[in-house]
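The values are calculated or read from the model by the stated rules, or taken from the named source; none is laboratory data. None of the values given here were measured: they were computed from a predicted structure. Using ideal geometry, Cβ is built from the backbone for each residue, glycine included, and neighbour counts are taken over all protein chains shown.
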Amino acid sequence: MYSAKRVIFFVSDSTGITVKTLGESLLAQFDTIKTEQKILPFVNNLSEAHAAVEHINNAAKECPYRPIVFATLTDPALRDIIAASNCMFIDLFGAFIEPLEREFETKSNHAVGRSHAIQQANGSYDSRIAAINFTLQHDDGAYIDRYKEADVILVGASRSGKTPTCVYLAIQFGVSAANYPLTDEDVEGMKLPAILEPFRHKLFGLTIKPERLHQIRQDRRPNSRYSSLQQCSFEIQKIEALYRKINLPFIDTTSTSVEEIASRILQRTKLEHFCEV
């Protein structure tokens with residue numbers, strides 16, 4: 001078991017989004033390892049490559065373990081420079097592109113930022129931008145009159161994970177997601193708020209363990225009624241009872257990553273086609 005953090009570098013000749021996503025997916029399989037992550041984007045020339053090597057080698061000097069470098073670099077010369085640094089070098093493009101070249105019997109384009117170009121070509125780029133704008137505008141019960149335009153509406157107690165899940169759905173899948181916070185008033189009568197009734201088919205519930213909700217709210221409003229364990233327990237009990245009474249699908253977010261929450265929502269609703277975006 002490692003006692004020190006492992007330094008992780010994500011090196012890309014573009015924004016770094018792709019390499020970070022792929023790298024973190026692999027690192028998630030080792031959840032007992034503590035990491036310190038650094039992104040080195042736009043490493044697309046010799047000067048930037050040598051600067052990246054300096055960063056990596058400096059980290060190697062300061063840590064008991066060599067850094068791990070995940071890279072998506074299309075230029076073989078830049079890859080060789082980074083790979084020669086004092087690190088464990090993982091060439092993600094080499095791991096996937098080269099086997100595909102052999103299978104397709106043709107060379108890849110080796111174009112910088114090509115993954116983003118594909119998104120724009122198939123129209124998903126514009127749809128995601130629109131979804132992100134919609135989601136940001138319809139956070140926390142705002143503009144309810146436009147809920148008819150939403151693909152999904154997340155409901156749940158305040159601080160149960162609605163906003164980050166909505167944003168993730170918008171960014172990754174182009175889902176126009178709104179969210180509505182359920183309050184004491186909303187659940188007292190054990191009925192869905194009247195304002196949400198016309199959109200019941202779009203609703204999906206989130207819940208969370210009261211102890212975890214208490215911790216989160218304490219950071220926001222310490223020692224308040226809002227953050228008290230008693231209040232958190234009352235709200236969650238009532239909200240979960242409401243979900244069951246109206247047969248609303250819901251998920252516990254306590255120890256579930258936002259990626260998994262979003263995937264389960266897509267699977268359990270009629271939004272599975274967004275996975276193909």
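Per the listing L206, L213, the residue uniquely assigned to a helix (DSSP H, G or I) and without any contact (Cβ under 8 Å) to a residue 60 or more places away in the chain is L213. Checking each residue in segment 56-65 for being surrounded by fewer than 17 Cβ atoms within 10 Å (Cβ to Cβ) and either under 22 Å from S14 (Cβ atoms) or not hydrophobic (A, V, I, L, M, F, W, C) (or both) picks out N57, N58, K61, E62, P64, Y65. Might you check whether a residue that is at pLDDT below 90, touching a Ser or Thr at 6+ places or on another chain (Cβ under 9 Å), over 28 Å from R128 (Cβ atoms) and not basic (K, R) occurs anywhere in segment 67-89? No, because not a single residue in segment 67-89 is at pLDDT below 90, touching a Ser or Thr at 6+ places or on another chain (Cβ under 9 Å), over 28 Å from R128 (Cβ atoms) and not basic (K, R). Selection within segment 1-27: residues that are touching a residue at least 24 places away in the same chain (Cβ under 8 Å), assigned to a loop (DSSP other than H, G, I, E, B) and of a type outside the set (D, E, K, R). The member of this set that is surrounded by the fewest Cβ atoms within 10 Å (Cβ to Cβ) is M1. For segment 132-139, the criterion of a residue being out of contact with any Pro (no Cβ under 8 Å at 6 or more places or on another chain), outside any helix (DSSP H, G or I) and either surrounded by 16 or more Cβ atoms within 10 Å (Cβ to Cβ) or at pLDDT 90 or above (or both) is satisfied by at least one position.
Cβ-Cβ contacts under 7 Å between residues 6 or more apart (or on different chains), taken from a first residue in segment 38-56 that is touching a residue at least 40 places away in the same chain (Cβ under 8 Å) and more than 9 Å from L78 (Cβ to Cβ) to a second residue that is among the small types (G, A, S) and crowded, with 21+ Cβ neighbours inside 10 Å, are listed as I56/S85.
For segment 239-257, the candidate set comprises residues that are crowded, with 17+ Cβ neighbours inside 10 Å and part of a helix (DSSP H, G or I); within that set, the residue that is farthest from the chain's Cα centre (by Cα) is L242.
Condition test on L100, is it over 30 Å from V152 (Cβ atoms) and at pLDDT 90 or above? Spelling it out, it is not the case that L100 is over 30 Å from V152 (Cβ atoms) and at pLDDT 90 or above.
Scanning segment 151-171 for residues that are in a loop (DSSP other than H, G, I, E, B) and of a type in the set (D, E, K, R) turns up D151, R159. Applying the selection to segment 229-261, what residues are touching a Pro at 6+ places or on another chain (Cβ under 7 Å) and at pLDDT 95 or above? Of everything in segment 229-261, those that are touching a Pro at 6+ places or on another chain (Cβ under 7 Å) and at pLDDT 95 or above turn out to be L229, C232, S233, I236. Of the numbered criteria (1) in contact with a His (Cβ under 7 Å, 6 or more places away or on another chain); (2) assigned to a helix (DSSP H, G or I), the one S227 fails is (2). Regarding D219, is this residue at pLDDT 95 or above and among the acidic types (D, E)? No; evaluated as a whole, the condition is false for this residue. For segment 262-274, the tally of residues that are assigned to a helix (DSSP H, G or I) and either surrounded by 13 or more Cβ atoms within 10 Å (Cβ to Cβ) or modelled with pLDDT of 95 or more (or both) stands at 7. Screening I118 on (1) at negative phi; (2) at pLDDT 90 or above shows it passes everything except condition (2). The residue of segment 203-224 that is surrounded by the most Cβ atoms within 10 Å (Cβ to Cβ), among those that are within 30 Å of K270 (Cβ to Cβ) and touching a Lys or Arg at 6+ places or on another chain (Cβ under 7 Å), is L213.
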